[in-house]
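Enquirer: First the structure, then my questions, so here it is.
The values are calculated or read from the model by the stated rules, or taken from the named source; none is laboratory data. Keep in mind it's a predicted model, so treat the numbers as computed, not measured. Cβ: placed from backbone, ideal geometry, glycine included. Neighbour counts: every protein chain shown. Ligands, DNA and RNA are stripped out before the accessible areas are found, and what is left, the full protein with its side chains, is counted by its heavy atoms. Shrake-Rupley method; radii C 1.70, N 1.55, O 1.52, S 1.80 Å.
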Amino acid sequence: MWLKAFNIIGFQMVWLACVAGAGSGLIWVGPVSAAIFALTMLRYGGKAAADLRLLAIALPLGFALDSAFAASGWLQYAQAWPSPHASPVWIWAMWTGFAMTLNHSLAFLRERPWLAAGFGLFGGPMAYWTAAGAFDAVSFGAPVLWVLIALAVSWALALPLLFALDRRMATMWLQESIA
């Protein structure tokens with residue numbers, strides 16, 4: 001139970017470090033906190049191989065998703081390094097932290113794709129809305145309602161997709177290890 005609590009609190013701290021760091025010009029705060037959190041989860045979480053597999057899925061998916069919003073101009077990220085047309089390094093850090101929750105505090109969503117979609121539908125846009133309003137880490141380059149709807153749809157698809165891709169990769173790795 002302590003591990004689940006650590007996972008929830010740890011990711012919230014990573015999220016806060018990422019958005020507060022980006023909003024205040026301290027781009028390094030998010031990546032450092034994400035690295036500490038991820039290394040701690042990999043060392044003590046008991047699911048290092050599964051966590052690394054999900055990280056390998058989540059980072060490219062997250063990069064593509066957030067880069068699409070940046071390239072379209074619908075989202076503008078503070079501290080947009082390395083490019084204003086792609087997701088910044090602090091977003092990569094956030095996705096790293098998020099990936100570390102999928103086998104732990106968010107594992108209950110794994111076999112419930114509709115619940116995962118609902119979680120993404122509401123949780124995804126709320127995170128961006130809060131990052132924009134409270135921390136100036138993100139700004140909206142299109143009407144806010146349109147951006148929030150697009151984020152909701154994207155996250156409602158992305159979260160179940162993460163679990164489905166992970167399930168597929170786990171099955172493939174298991175079949176390869178048996179062969």
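Enquirer: On the first, second and third principal axes, largest extent first, how far apart are the outermost C-alpha atoms of the stretch 40-86 in Å?
Expert: 40, 18, 14
Enquirer: Over all directions, what mean area does the Cα convex hull of the stretch 98-141 project, stated in square nanometres?
Expert: It is 3.8 nm².
Enquirer: Give me the 1.4 Å probe accessible area per residue for the stretch 107-147, excluding ligands and nucleic acids, in Å².
Expert: It amounts to 59 Å² per residue over the stretch 107-147.
Enquirer: Which part of the stretch 64-92 falls in the paramagnetic zone of A142, meaning amide N under 11 Å from the point 7 Å along Cα-to-beta-carbon?
Expert: Residues 69-75 fall inside that zone.
Enquirer: May I pose another question? So how compact is the stretch 11-140: Cα radius of gyration and Dmax in angstrom?
Expert: Considering the stretch 11-140 through its Cα atoms, Rg and Dmax are 14.2, 40 Å.
Enquirer: On the protein heavy atoms, probe 1.4 angstrom, tell me the percent of accessible surface of the stretch 1-130 carried by carbon and sulfur.
Expert: Result for the stretch 1-130: 76 percent of the exposed heavy-atom area is carbon or sulfur.
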